[in-house]
Amino acid sequence: MVTLEELKDNCRQILKEGKVKYIIGYKRKNGQYMTVPAFLDRIEEVDHLVWDPSCIYNLVRYLRDEKMRKEKEKEPDTRPVGVIVKGCDSRAVNILIQENYITRDDVYIIGVSCEKSGIVDEKKLTKKFAGKDIRKLDFAGNGKIQVTCGTKNSVVPAEEILADRCIECTIPTPIVFDVLFGEKTDREVPDPFKTIKELESFDTTRKWEFWKEEMDKCIRCYACRSVCPMCYCDECVADSISLAVKPDTTAEEKAHKIRWVEKSPVISENFNYHLIRAMHLAGRCVDCGECDRVCPVDIPLRYLNRKMEKESLDHFGYTAGMEPEKPTLVSCFREDDPEEFIL
Amino acid sequence: MKMEEKFEPKIVAFLCKWCSSAGSDLAGVSRLKYPPNVVPITVMCSGSVSPNYIFSAFKKGADGVLVSGCHPGDCHYMKGNYYARRRITLVKELLDFIGIEPQRFHMSWVSAAEGAKFTEIISDFVKELEPLGPQNKLRSNL
Amino acid sequence: MEKVLLKKDLNSWAGKLGSYDIYAPFKSGDVWGYELMENQAEITLDYPNTAIPPKKILFPQREVLFEFEATQEGGMEIREVLPDDTPKIIFGVRSCDARGLAKLGKISQGGIEDVYFTRRRNQTVIAGLACHNPPSPYCFCTSVGGSPHSLEGMDILMTDLGDAYYLESVTEEGVKLMGSAEGIVTDPDDKQKADKEKIHSDSEKKILLDISDMEKINEALSEIFDTGLWDRESLSCLRCGICTFSCPVCHCFDVNDEIIRTHPLKGKRVRTWDNCQFPDFTMHSSGHNPRSDKASRLRQRVMHKFRYFNENCEEFLCTGCGRCIEKCPVGIDIVEVLEKAKTYEK
Ligand code: SF4
Ligand code: SF4
Ligand code: FES
């Protein structure tokens, strides 16, 4: 198991040595049992560091902010940034390296293994402990989580409150790191793509009915895109920033500019946005589940990405973020890639 | 009495300039008959077809979309069609997953000499689309 | 006018309101929203609060302003599109959200009138609902001039007495609407009056968040414009649109042309919600972006709500509904930011 004190000591150490600029980790959300991202640049702040099943965030997302900040600075501090990563998050770092978005030297990776557990789905947790005053979550080892309500502790099997993605996760240990806390754990998952099985079995009409209803809900807040460590494009096809509209741009000119996705939250545009996003994440999504978690209207975005993951694996034997030195899924091919579907 | 109008499916076909587009031309100059339902869009290579184009075609009202390139090994840019094949595999799975009839989206290899094959692909495609009726799922509702 | 309506009669009242489009809270999955009630028998007011505030009914996320079409003579024909004017009732609006609508109403009158909003607002009756318990642990209406039973923006305020609703009319519209309930409502007795008063005063005490010294906030904010506070507080911001889209008073929009056909040109000019947390919100056509970092965007959100609007209109552009705190995916808390702003040492 990860010992928080050891983790903290390491963080203090690297801050003290000046090895890292700052560390991205987790801290308690004001008097609550859940956490928020923490940016620790002083040794004293490390006291607040937390590692428990409430550490839901994929902090790799913040490497993008760091990169943007650095690009603006005249004399940037080029030391690496420390980032605490779980198994899934570590693969996200790998992809950023693989795609040359960052270099390995830009990050100091502090790995924490989820072992036989993972992080919670707050909705499942609050449903299970409805009306209880949840104070604290702890890993209890061996696939169990301890939930403290008031002064009472109960230990529950992790899968009762784990996020779906963690239940289906086969790689709970970071695969790239500078230091690792916790045990390297292999996990047997009987059916890693269980979530989408049912949906896949629907006929065309039912599939469509399902997605139509979901897409209808989208308010295009772009939280899904914003939280995603892989959505780092400066310009997204869903935005219109690239289309400079000047006072003298005529209606005709505007009409002829390509706008792939209109801002209007109607079904066709919502679909377009989400299909493009799913495609752009194929072979890149590590199923950290963040988009799914943040969606304010509960669209199961994970299904789309999970489907792409499954197909990448089935057709091309590719799992995202495993081998940063190799080309990405869609920037390579094998001559014998399947092509039965081609006329 | 008004005759009920027959549904004429509209197919948007992204054809690579070097093979498939040439193949469709050959069909034309050879006076091979194929249904006039295709809106051909010539692209430099099947590898240059972004999934964006495909979704947009559906959004703009295509009843079916075809992406066609040179046979493996024949791509003018050596590898474009291999990349396309991977990408299109995923697009196909994705469209199927959200409930778009799989008959609405195809990929083919058509060489410059295969005018007859092109004709056949289009005729079959039209036949497949006819019973499905218009594609309204992804069509723009602005 | 004050009346009492038995809960079991709520739907028969709604049944009498056939000429109105009725909106009421509706739960889909785990998420509450306002839904047009085709089936009026389903109205239930037993809900916390909606994810998206009722502003979306009066200020929809997408609004077609006009349509245009090129004429054969080379001109452009323009057809105004106005919202349909079916009268609407929105049931169950919380006090914070009703105040939000009132603020939006003021904004819609400032400078050039927003005819789209006004037209809808004039056709809409708000039958709001007082809160017994704050629907969210993040409610802070009482800190920003409101209360769980505020009447501002309401036409009718309903208070849940257990088996009945206590109805108070606030406006003429409200009186009219309550008139339609004649026969199923009764006059309140003294006990009911007292109960209602007690519920109101108790509810205020149950609000968990309290920001002190709000009268000094303007001054405090004016002193920290250029400080590192904003950098620090915005570090975890994702730059998504949840806080503003779910805000009952945020009202920024974008205007775009949606092209239906290029030859001859035909399209619609539409306005859609936009928000100051999106990086391209302030993007100039020159490529310059005056608010290019998260810090300046968070600062804008806070300053607009608690300083600029306050200076212009002597009220906050915030009604304390707590949505932005509750819904922020990374726990950014506007109340916390305000507290820090008050005590920030430069
Ligand atoms: S998906 Fe796996 S690695 Fe990621 S948090 Fe869950 S258990 Fe840990
Ligand atoms: S987070 Fe949800 S509502 Fe927001 S853009 Fe993504 S899918 Fe739409
Ligand atoms: S040129 Fe024909 S597929 Fe590349």
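Results, tabulated for the structure shown:
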read-out	value
Other protein chain Cβ atoms within 10 Å, averaged over every residue that makes up C:277-285	4
Carbon plus sulfur fraction of accessible area for region A:69-217, probe 1.4 Å, in percent	48 percent
Span-like helix ranges in chain A, DSSP H, alpha carbon extent 15 angstrom or more, Kyte mean at least -0.5	A:87-98, A:267-281
Whole-number accessible area per residue in Å² for region C:99-192, which is evaluated in the context of all protein chains at 1.4 Å	40 Å²
Estimated FRET transfer efficiency (C:LYS191, C:ASP46; beta-carbon r; R0 30 Å; 0.05)	0.85
Accessible area of chain C belonging to carbon and sulfur atoms, whole % at 1.4 Å probe	48 percent
Centre separation in Å (Cα based) which lies between region B:56-82 and region C:94-143	52 Å
Rounded if a/c under 1.5, otherwise prolate or oblate - chain C, Cα gyration tensor axes	oblate
Listed peptides A:15-23, C:231-239, C:209-217, C:58-66 by packing density, highest first (mean Cβ within 10 Å)	C:231-239, C:58-66, A:15-23, C:209-217
Relative contact order of chain A, defined on C-alpha pairs under 8 angstrom at six or more residues apart (%)	16 percent
Number of partner chain Cβ atoms within 10 Å, mean per residue of A:213-225	5
Selected from C:THR86, C:LEU129, A:TYR26, residue furthest toward positive end of dipole (the protein assembly as shown; charges at beta carbon)	A:TYR26
Antiparallel DSSP beta bridges within region A:34-191, percent to nearest 5	60 percent
Within region C:269-286: backbone nitrogen closer than 19 Å to the A:GLU235 label point (7 Å, Cα to C-beta)	C:278-286
MRE, 222 nm, helices only [DSSP H, n ≥ 4, -39500 (n - 2.57), over chain C, to nearest 500]	-8000 deg cm²/dmol
Pairs from B:LYS10/B:LYS137; A:LYS116/A:LYS144; A:LYS307/C:LYS27 whose Cα-Cα separation, in the structure shown, is over 18 Å	A:LYS307/C:LYS27
Rounded to the nearest 20 debye, dipole of region A:1-189 from Cβ charges on Lys, Arg, Asp, Glu	540 debye
Residue-normalised accessible area of region A:1-189, expressed per residue, 1.4 Å probe, Å²	44 Å²
Global geometry of the protein assembly as shown, whether rounded, prolate or oblate, following the gyration tensor of its Cα atoms and the 1.5 cut on a/c	oblate
Loss of accessible area when A meets B, both sides summed, Å² nearest 100, probe 1.4 Å	3900 Å²
222 nm mean residue ellipticity, helices alone, for chain A (DSSP H n ≥ 4; -39,500 (n - 2.57); rounded to 500)	-10000 deg cm²/dmol
Chain pair C, A: total accessible area buried, heavy atoms, 1.4 Å probe, Å²	3600 Å²
For region A:285-317, residues shielded by at least 40 square angstrom of accessible area compared with the chain on its own, probe 1.4 Å	A:PRO296, A:LYS307, A:MET308, A:PHE316
Length-normalised contact order of chain B in % [C-alpha pairs under 8 Å, at least 6 apart]	37 percent
Taking chain C and dividing mean pair separation by its residue count, relative contact order in percent (alpha carbons under 8 Å, at least six apart)	21 percent
Low-density loop positions, GluC sites (Glu not before Pro), region C:1-42 - DSSP coil, at most 11 other Cβ in 10 Å	C:GLU38
Dipole in debye (nearest 20) - region B:8-142, about Cα centre, beta carbon charges: Lys, Arg +1; Asp, Glu -1	360 debye
Global geometry of region B:11-132, whether rounded, prolate or oblate, following the gyration tensor of its Cα atoms and the 1.5 cut on a/c	oblate
Those residues of region A:2-41 for which accessible area with every protein chain present is at least 10 Å² below the isolated value (1.4 Å probe)	A:LYS29, A:ASN30, A:GLN32, A:VAL36, A:PRO37, A:PHE39, A:ASP41
Around C:PRO290: net Lys/Arg minus Asp/Glu count, Cβ-Cβ under 13 Å	+1
Threshold 50 Å², region B:77-107 residues less accessible with all protein chains present than alone (1.4 Å probe)	B:TYR82, B:TYR83, B:ARG85, B:ARG86, B:THR89, B:LEU90, B:GLU93, B:LEU94, B:PHE97, B:ILE98, B:MET107
222 nm mean residue ellipticity, helices alone, for chain B (DSSP H n ≥ 4; -39,500 (n - 2.57); rounded to 500)	-11500 deg cm²/dmol
Heavy-atom surface of region C:33-97, accessible at 1.4 Å and reported per residue (Å²)	45 Å²
Portion, in percent, of the accessible area of region B:1-61 that falls on carbon or sulfur, probe 1.4 Å	59 percent
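The values are calculated or read from the model by the stated rules, or taken from the named source; none is laboratory data. From a predicted model like this one, the values you see are computed outputs, not experimental measurements. As a convention, Cβ positions derive from the backbone with ideal geometry for all residues, glycine included, and neighbour counts pool all protein chains shown. Keep in mind that these areas ignore ligands, DNA and RNA; they rest on the heavy atoms of the full protein, side chains included. Shrake-Rupley method; radii C 1.70, N 1.55, O 1.52, S 1.80 Å.
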